[in-house]
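Next up is a structure, given as structure tokens.
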Amino acid sequence: MAMANPDILLEGASDAGVNGTPDEVAFAAQRVGLYFKYFNAPLRMAASWDDPKLLHLGPLPKFTNGEGSTVFWTTGCALMKYGQNKEKAAEYIKALTYDKQILEGLDRRTKSGHPGQLPPYKSIYAEWAANKPDWMPDFVGLVRGQLDRAKAIDNNLFGLNQFVIGKPIWETYLKGEESNPKVAMQKVVEAVHAEMKRG
């Protein structure tokens, strides 16, 4: 946290507090040197830098059984169970996720910035491994490699609210009120489970 914004845990201004967070605003303004979020967020935030090429991405540490190695992959899409025209919607999604122009938006030279949304298809990575496009930045292979070690984040009743529930508890460690981070995090787990039981 010494290299990050001191407001690292404050809620953001948009998307239920997920985006527009003080840490990403400070990173975009070149006020801090370290920023943790889903991998494509630093790409977007660094687009406003004096020299966006100074951005460096690195892999997460390797943990046993993938614990702690999770990467956020891409935005998902769900089709409603009783919705109509699901076949057409699926065709549209497939067309978008295979679209070469969208994939080339990964290019660091793109004027609009770096969306960093990677394709979810093994066939595309096999094609790129055999014949790497000249526009493809190095981070694509780094992020794809993380998936082989990553572990899925379990869904729960609260979604992102689990972090709202846990924040005042883990902050006791950050404020020096609790000396052991594992004790603080265990209390977070217990608080979230208690809320889930209340249903």
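The values are calculated or read from the model by the stated rules, or taken from the named source; none is laboratory data. Model, not experiment: these values are computed from the prediction. Every residue, glycine as well, gets a Cβ built from its backbone with ideal geometry; the counts of neighbours run over all protein chains shown. Areas reflect the complete protein model, heavy atoms only, side chains present, ligands, DNA and RNA absent. Shrake-Rupley method; radii C 1.70, N 1.55, O 1.52, S 1.80 Å.
From the list T64, T74, pick out the single residue that is modelled with pLDDT under 85, β-branched (V, I, T) and surrounded by 12 or more Cβ atoms within 10 Å (Cβ to Cβ).
Selected residue: T74, the only one of T64, T74 that is modelled with pLDDT under 85, β-branched (V, I, T) and surrounded by 12 or more Cβ atoms within 10 Å (Cβ to Cβ).
Failed condition for Q101, given (1) surrounded by 15 or more Cβ atoms within 10 Å (Cβ to Cβ); (2) at pLDDT below 80; (3) more than 19 Å from A46 (Cα to Cα), with all others met?
(1)
When you scan the range 160-168, do you find a residue that is open to solvent by 90 Å² or more (accessible area, probe 1.4 Å), modelled with pLDDT of 85 or more, part of a helix (DSSP H, G or I) and not β-branched (V, I, T), even just one?
no
Can you find, within the range 15-58, the residue that is nearest to R144 (Cα to Cα) among those that are of a type in the set (A, V, I, L, M, F, W, C) and loosely packed, with under 12 Cβ neighbours inside 10 Å?
Here the residue is L54.
Note down all Cβ pairs under 8 Å where the first residue falls in the range 175-192 and is open to solvent by less than 100 Å² (accessible area, probe 1.4 Å), the second is assigned to a loop (DSSP other than H, G, I, E, B) and among the polar types (S, T, N, Q), and they're at least six residues apart or on different chains.
Filtered contacts from the range 175-192: V192/N156.
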